[in-house]
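The values are calculated or read from the model by the stated rules, or taken from the named source; none is laboratory data. Model, not experiment: these values are computed from the prediction. Note that each Cβ is placed from the backbone with ideal geometry, even for glycine, and that neighbours are counted across all protein chains shown.
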Amino acid sequence: MSLLEIRDLHVSYPNRKGEFFAVDGVDLTIEQGEFVGLAGESGCGKTTLALSIPQLLPEHSRIAAGSISFNGVDTTALNEEGLRAIRWKEISVIFQGALNALNPVQTIGSQIQEPIRIHDESVSKKEAQDRTLELLEAVGIPSHRASDFPHQFSGGMRQRVMIAMALSCMPKLVIADEPITALDVMTQAQILDLLRSLCDKYKLSMLLISHDLSVLAQTCDRVAVMYAGKVAEQGPTSRVFGSVGAQHPYTQRLLRAYPNIRHERKFIDGIPGYPPDLSTLQVGCRFADRCDVALSRCATEVPDLIDIGGNQSVACHLVSENQVGVQ
Ligand SMILES: Nc1ncnc2c1ncn2[C@@H]1O[C@H](COP(=O)(O)OP(=O)(O)O)[C@@H](O)[C@H]1O
Ligand SMILES: [Mg+2]
């Protein structure tokens with residue numbers, strides 16, 4: 001059994017015409033100990049998908065269809081009590097833009113300890129303190145700084161505190177939503193390396209969200225790329241960025257759209273046009289308007305996510321038609 005199995009998930013927000021689907025039929029699986037990256041341009045539904053896992057979606061949103069099985073339990077069917085039991089202790093979230101969410105008048109040590117005290121009554125005060133110091137060291141902050149305040153830390157160090165906090169109740173899955181976006185390039189690489197090493201050290205599963213696919217290539221075991229509420233392509237990093245390569249025209253464009261944070265890259269090639277307005281009815285492939293290689297059927301037929309072998313799957317008519325040869 002996979003740790004997380006999302007099947008045909010549909011999540012909507014209300015609009016003037018009724019509702020629109022920010023997540024529109026997504027399948028995503030995460031294995032125990034697996035580090036999965038989720039990429040896609042801003043507004044494609046990454047945060048909505050992530051927040052649906054521990055049921056932290058805004059009140060006015062709606063899970064209209066699909067299931068989310070975490071450790072064999074459907075989180076969409078849990079009541080508040082059931083959700084309290086899994087949040088922090090089973091699944092924790094590093095929220096997008098949370099870098100400045102630390103309480104300025106509370107020491108970082110007590111902020112890391114707080115979730116343990118609130119969510120895990122079986123842990124004594126001494127154990128919580130010891131765990132806090134261990135976590136600080138694990139995220140690269142000397143433990144003697146536990147009594148310092150957030151303003152005494154740089155942005156990168158504050159992000160390390162947020163990561164320690166997310167690990168405080170020893171969850172099985174950590175969801176990190178754009179954890180490096182606000183940081184400088186050097187610090188970005190360090191935080192990615194840290195997340196990877198913590199994932200291995202504590203045998204965590206990790207869902208790392210970034211609009212920049214190239215940062216995921218160097219960190220994740222597997223990547224999924226979303227476009228306009230759907231998964232365009234997913235597969236093991238070793239295939240998508242290695243032997244086989246990215247197959248979906250959108251994945252290929254996304255890879256060329258950002259400078260690589262670890263290597264100098266000469267050309268940054270933006271993707272012309274804009275993602276579709278999700279609130280209008282979609283027909284055909286959502287990327288068709290911006291796609292250089294679109295076929296006539298792409299304008300009318302929605303492509304299914306098709307397995308092309310090696311656990312890589314792609315939602316593209318052209319790839320499906322040319323499938324012989326890529327396996
Ligand atoms: N709280 C919200 N209320 C209404 N619409 C939202 C809300 N959050 C996101 N959306 C809309 O849902 C779509 C997906 O957004 P989001 O999940 O934040 O994407 P991403 O994280 O990939 O940038 C966008 O069209 C966005 O405007
Ligand atoms: Mg987001």
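Computed values, structure above
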quantity	calculated
Verdict on residue 64 being out of contact with any Leu (no Cβ under 8 Å at 6 or more places or on another chain), more than 17 Å from residue 94 (Cα to Cα) and more than 14 Å from ligand 1 (Cβ to nearest atom)	no
Residues within the stretch 206-246 that are among the basic types (Lys, Arg) and under 27 Å from residue 277 (Cβ atoms), tallied	1
Verdict on residue 166 being small (Gly, Ala, Ser), under 18 Å from residue 102 (Cβ atoms) and within 26 Å of the chain's Cα centre (by Cα)	yes
Contacts under 7 angstrom Cβ, first residue in the stretch 268-291 being in contact (Cβ under 8 Å) with a residue 12 or more places away in the chain and basic (Lys, Arg), partner within 16 Å of ligand 2 (Cβ to nearest atom) and in a loop (DSSP other than H, G, I, E, B), 6 or more apart	286/228
Qualifying residue in the stretch 220-241 (condition: within 15 Å of the chain's Cα centre (by Cα), surrounded by 23 or more Cβ atoms within 10 Å (Cβ to Cβ) and assigned to a loop (DSSP other than H, G, I, E, B))	yes
Single residue of the stretch 77-119 satisfying the filter (within 16 Å of ligand 2 (Cβ to nearest atom) and out of contact with any Pro (no Cβ under 6 Å at 6 or more places or on another chain)) that is modelled with the highest pLDDT	93
Given (1) touching a Lys or Arg at 6+ places or on another chain (Cβ under 8 Å); (2) more than 16 Å from ligand 2 (Cβ to nearest atom), number of the condition residue 206 does not satisfy	(1)
Residue ID - surrounded by the most Cβ atoms within 10 Å (Cβ to Cβ), chosen from residues in the stretch 10-30 that are under 14 Å from the mean Cα position of the chain (by Cα) and hydrophobic (A, V, I, L, M, F, W, C)	23
Residues (of a type in the set (A, V, I, L, M, F, W, C) and either within 16 Å of ligand 2 (Cβ to nearest atom) or modelled with pLDDT under 95 (or both)) located in the stretch 41-72	44, 49, 50, 51, 53, 56, 57
Candidates 284, 310 - the one that is farther than 19 Å from residue 40 by Cβ, touching a helix residue (DSSP H, G or I) at 6+ places or on another chain (Cβ under 9 Å) and surrounded by 12 or more Cβ atoms within 10 Å (Cβ to Cβ)	310
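This table checks each residue for (1) closer than 30 Å to residue 284 by Cα; (2) touching a strand residue (DSSP E or B) at 6+ places or on another chain (Cβ under 7 Å); (3) touching a residue at least 24 places away in the same chain (Cβ under 8 Å).
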{"position": "165", "(1), (2), (3)": "no, no, yes"}
{"position": "174", "(1), (2), (3)": "no, yes, yes"}
{"position": "190", "(1), (2), (3)": "no, no, yes"}
{"position": "219", "(1), (2), (3)": "no, yes, yes"}
{"position": "225", "(1), (2), (3)": "yes, yes, yes"}
{"position": "235", "(1), (2), (3)": "yes, yes, yes"}
{"position": "239", "(1), (2), (3)": "yes, no, yes"}
